[in-house]
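The values are calculated or read from the model by the stated rules, or taken from the named source; none is laboratory data. Being a predicted model, the structure only gives us computed values, none of them experimental. Ideal geometry is used to build each Cβ from the backbone, glycine not excepted, and the neighbour counts take in all protein chains shown. These accessible areas exclude ligands, DNA and RNA; they are computed on the full protein's heavy atoms, side chains included. Shrake-Rupley method; radii C 1.70, N 1.55, O 1.52, S 1.80 Å.
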Amino acid sequence: MTTKTPTDKTTDTTEATATTTPVVPLPPAVARATTVAGSAVALIGTFLAWTWTDEFPGNLTVTGYPGGLQVLTLVGAAVTLLFALSGYGIKGLRWLTPGGTNSPVLLSALGVLGTTGYTLGAISQELGGLVNLEPGAWVSGIGALVAVLGALGLPADQPYGADEPTPGLWGRIRHSLTAPEPGRARELPSWAEILIIAAGFGVGLYVFAYGIGTEYSELFIGFLVTAAFGFTAVTRAGLLKRLSALTAKHRNVTLTAAFVAAICFPFTQSNDQFALIGANILIFATVALGLNVVVGLAGLLDLGYVAFLGVGAYAAALVSGSPQSSIGVHFPFWAAVLTGAVASLVFGVVIGAPTLRLRGDYLAIVTLGFGEIFRITMNNLNGNSGPDVTNGSNGIPNIPDLEVFGFNLGVPHDVLGHELTRSGNYYLLMLLFTAIVVLVFRRSAESRIGRAWVAIREDETAATAMGINGFRLKLLAFALGACLAGLAGTVQAHVSYSVTPEQYQFAGSVPPNSAFLLAAVILGGMGTISGPLIGAALLYLIPAKLQFMAEYQLLLFGAALMLLMRFRPEGLVADRRKQLEFHETGQLDVPDDKPLPDGATGVAKAGA
Amino acid sequence: MTTTAPTTTTVLDASNVTMRFGGLTAVRSVDLTVNSGEIVGLIGPNGAGKTTFFNCLTGLYVPTEGKVEYKGTVLPPKPHLVTQAGIARTFQNIRLFANMTVLENVLVGRHTRTKEGLWSALLRLPGFKKAEEASRERAMELLEFTGLAAKADHLARNLPYGEQRKLEIARALASEPGLLLLDEPTAGMNPQETRAAEELIFAIRDKGIAVLVIEHDIRFIMNLCDRVAVLVQGEKIVEGPADVVQADERVIAAYLGTPFEGAPGQDEAAEVEAAEAGAAEAHSTTEGDDK
């Protein structure tokens, strides 16, 4: 099997050459050489000066030392070069492209062109004219363009589909971006597989930390372009599929690796502001994961979920010892967490008990109402229109910093020679809560209770006929979700120093609100663990980094959601179920984990 | 008529069941018993009240009058409690959990026979793993029994029609019922699949589970059932062994209608024929005139 795979692939490619026409008519050899040359030129260009003044952020004036946006072009060009060289079948590079060979080249070349083109455009726009470009910029730009043209001349990775045997120009371009699925991976020793997983998460952490640490919006846009094309290229190359096969195999190792990578994050940031973004992303992601229990597993559309975060936060604030709290007590942290979680749980049961008798849209409307009721009640408990509990719209400010085991989270600490700032401390504390929520989600999903939730989501009548007490289990999901949000709320109150009713709206510009939470779950992928985490990170990071488009934020957000629902309705991370549900293949689903034992023995024999 | 051996016990005893929806009486004082090891059929034309009666047995409706007893105790009024008591059912239009795997579907059927709650799942208490494994084992046994074991990891939606019906039965059996209610188990099946379903139901009977079947396919019912009850307009008109029921005049009348009093004789027939011939002639002449 191992020896067969490369041969299979070469025959595939030759077949494709025979039946497909490249977008730019070039002989394959010439096309590949052009691509390699173009990306090499683009790469060299990044070492030259791109502009004459350091008025453009990132200082692109130094020769011999790429900076700012040049680094992105450099990385993109290097990736393109590697993919293109892998197409030559160079030993040691072939593992890069187990799926498609030529589509990743095209995608990464497009990424380089996008980043470089954007940079050139931004320089000439901000400094007033093309005249501000130094030769290095032209070198990289032309190199990137040549690389794209060359990549367009490469043959497609798979023959045309039967429904469109002779596509037009647009069809050919679209087709050249597709790639076949990679074959079964060669069995590696498990330590090597674990090492690969660790490396994968290391790269992921680095990319993520880089994205958070981008200091100006031009760099962040460049980062988004490079990351989007790079991610697609890696997917088309089949590397992602390989990695996810490994992570599915070593699930505990994967969880640990993800956790360790997440712990490392604050040590990569020296700026407190960026660590704060990290902490806020974690709060948002944790709440989104809690919502995923309710929406993703049990199928209950809850539009007022942020109220439970609010209940937890208010409960923690009231017992935090803040001078403005109407209850003058100061609970230790563990007791405050317990108070917040229990308060949310009680609130969840109280709201859930009457509303969960409704189904579908009606449930959504009622929960939306209850979410608003919470916010308005908090506003009215101000001493004027009600008893003085929450200080009304002023909220409860001056929440003191936490002290856990004599460790004050409010002041910086030196850990392993790195200064951990206040936000870094809270980030690590929040990470602990995220880990708990991940564990709760995973364990409850893979149990009798989790199956009953999914059964209720699928067909409540049939579930009841199977002996499932629908109302009780729905209430359980609702209460569990509320409790998890309450947990996150207790930390949020301390991170943001104050709680006010306006933090807990249905839709607002600052992410943890009901609409964004639901969007994070749907965008990321319902019913998965990593989906809401990724969705929340994106939904928090993009508005936080692109302050200049604050006015259009909701508009762009809506457009992005529509595009996603059109092209990838199952979300960024799809569980196998959803993928089959939304992309009808027209043939029976043959699970690929069944023939594994045969394949494994085959490999063992071949290896022996 | 009903008791065959002294060892049989009454599993289901519905007595004087009446179901009214406002002024409409859908089911009128129906008595029906099902004994252990028996396959009983319930037939009747469309709208006869079969499904209403079925819903009274499964806890979806509470009968207006009369009572339904399962093994000597009156049935609770909630469907999930009925399942827990030991009555499992399938649906006329297949209602599988389409986006769960075949195995998961059967595991959901085990819900009432396992007790592990949320805490047990979250803390992975000692009994959890054992209970999960036992459930899985039992579910796989049932899949072997229905011949679906090879497809345990497929999504239920991707099974062919006949296998989806089988899976519904396997899922119902997973709740370890004493009585299985099948609502039109062969609807939409071809003759081969119907034969297979028949075999399966016999095998279920041999496991000691009583079966009550609603069906339209008379041939299927006649092969299968020890006893057949016929429901017409909400009333049970006859009950007995298959051949007796089949020959019963009232049953034939209910399905095919009764010949009316003055059935047409030879004379009337000849008269009609003559009249028709005359009409045809007249028609052709008018056509000729036109030309």
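For chain B, a Gaussian network of Cα nodes joined below 10 Å ranks B:245, B:40, B:211 by mean-square fluctuation, and the top entry is B:245.
Once you reduce segment A:547-567 and segment B:118-154 to the center of their Cα atoms, the two points are 44 Å from each other.
Applying 1/(1 + (r/R0)^6) with R0 = 41 Å to the Cβ-Cβ distance of residue B:18 and residue A:404 gives a FRET efficiency near 0.05.
If you wrap segment A:110-243 in the convex hull of its Cα atoms and look at it from every side, the mean projected area works out to 11.3 nm². Mean projected area of the Cα convex hull of segment A:269-582, taken over all directions, amounts to 17.0 nm². For segment A:269-582, the relative contact order comes to 32 percent (Cα pairs under 8 Å, sequence separation of at least 6).
When the solvent-accessible area of segment B:95-162 is split by element, carbon and sulfur atoms take up 56 percent of it, the probe being 1.4 Å. Could you check what % of the DSSP bridge pairs in the protein assembly as shown are antiparallel, to the nearest 5? Percent antiparallel among DSSP bridges in the protein assembly as shown is about 65.
Loop-located trypsin sites (Lys or Arg not before Pro) in segment B:145-241 (DSSP state not H, G, I, E or B) with no more than 16 neighbouring Cβ atoms inside 10 Å: B:207.
Over every Cα atom in segment B:95-162, the radius of gyration and the widest Cα-Cα span, Dmax, amount to 13.1, 40 Å. Contact order for segment A:247-364, expressed relative to its length and based on alpha carbon pairs under 8 Å spaced 6+ residues apart, stands at 20 percent.
Among the chymotrypsin sites (Phe, Trp or Tyr not before Pro) in segment A:461-518, those placed in a DSSP loop whose Cβ has at most 16 other Cβ atoms within 10 Å are A:497.
For residue B:275 and residue B:249, what does the FRET efficiency come to when R0 = 35 Å and r is the distance between their Cβ atoms, rounded to the nearest 0.05? E between residue B:275 and residue B:249, to the nearest 0.05, is 0.55.
Per residue, the solvent-accessible area of segment A:50-136 (1.4 Å probe, heavy atoms of protein chains only, all protein chains present) comes to 40 Å². Remark: accessible surface ordering of A:526, B:19 (largest first) is A:526, B:19, probe radius 1.4 Å.
Given R0 = 41 Å, the distance between the Cβ atoms of residue A:24 and residue A:263 translates into a calculated FRET efficiency of 0.30.
Give B:115/B:207; A:474/B:78; B:67/B:236; B:166/B:207 a once-over and call out the pairs whose C-alpha atoms are over 20 Å from each other. The pairs that break the limit, which is 20 Å between Cα atoms, are B:115/B:207. Applying 0.36 nm per residue to the separation of residue A:198 and residue A:270 and subtracting their alpha-carbon distance, the gain on full extension is 23.6 nm.
Remark: segment A:272-345 carries 27 Å² of accessible area per residue (probe radius 1.4 Å; ligands, DNA and RNA excluded). Extent along the principal axes, Cα only, for segment A:37-184: 54, 36, 21 Å, with the longest axis given first.
Among B:246, B:233, B:266, the residue with the largest mean-square fluctuation in a Gaussian network model of chain B, with springs joining Cα atoms closer than 10 Å, is B:266.
Between residue A:439 and residue A:188, the simple label model (points 7 Å from Cα in the Cβ direction) yields a spacing of 2.9 nm. For the protein assembly as shown, the share of alpha carbon pairs falling in successive 10 Å distance bins from zero is 2, 10, 16, 18, 17, 14, 10, 6, 4, 2, 1, 0 percent.
The relative contact order of chain A comes to 16 percent, based on Cα pairs under 8 Å that sit 6 or more residues apart. Whole-Hz Karplus values for segment A:341-354 come out as 5, 5, 4, 5, 4, 4, 4, x, 5, 5, 6, x, 4, x Hz, taken residue by residue from phi with 6.51 cos²θ - 1.76 cosθ + 1.60 and θ = phi - 60°; glycine and proline positions read x.
Can you give me the pair-distance distribution of segment A:293-423, C-alpha pairs, 10 Å bins, whole percents? Per 10 Å bin, starting at 0, the Cα pair percentages come out as 12, 33, 28, 20, 7, 1.
Distance between the modelled labels on residue A:376 and residue A:127, one decimal in nanometres: 5.7 nm (7 Å Cα→Cβ projection). Computed with a 1.4 angstrom probe on protein heavy atoms, the A-B interface buries about 3500 square angstrom of accessible area in total.
Approximating the spin labels as points 7 Å out from Cα along Cα→Cβ, the residue A:357-to-residue B:31 distance works out to 3.8 nm. Per-residue shielding of A:442-451, expressed as the average number of other chain Cβ atoms within 10 Å of the residue Cβ, stands at 6. What the phi angles of segment B:243-257 give under the Karplus curve with 6.51, -1.76 and 1.60, with θ = phi - 60°, is a coupling list of 5, 5, 5, 4, 7, 5, 4, 5, 5, 4, 4, 5, 8, 10, x Hz, glycine and proline written as x. Solvent-accessible area of chain A (1.4 angstrom probe, protein heavy atoms only): carbon and sulfur portion equals 67 percent. Taking GluC sites (Glu not before Pro) across segment A:380-447, the ones in a DSSP loop with at most 15 further Cβ atoms lying within 10 angstrom of their Cβ are A:446. Every Cα-Cα pair of chain B was included, and the share exceeding 33 Å stands at 36 percent.
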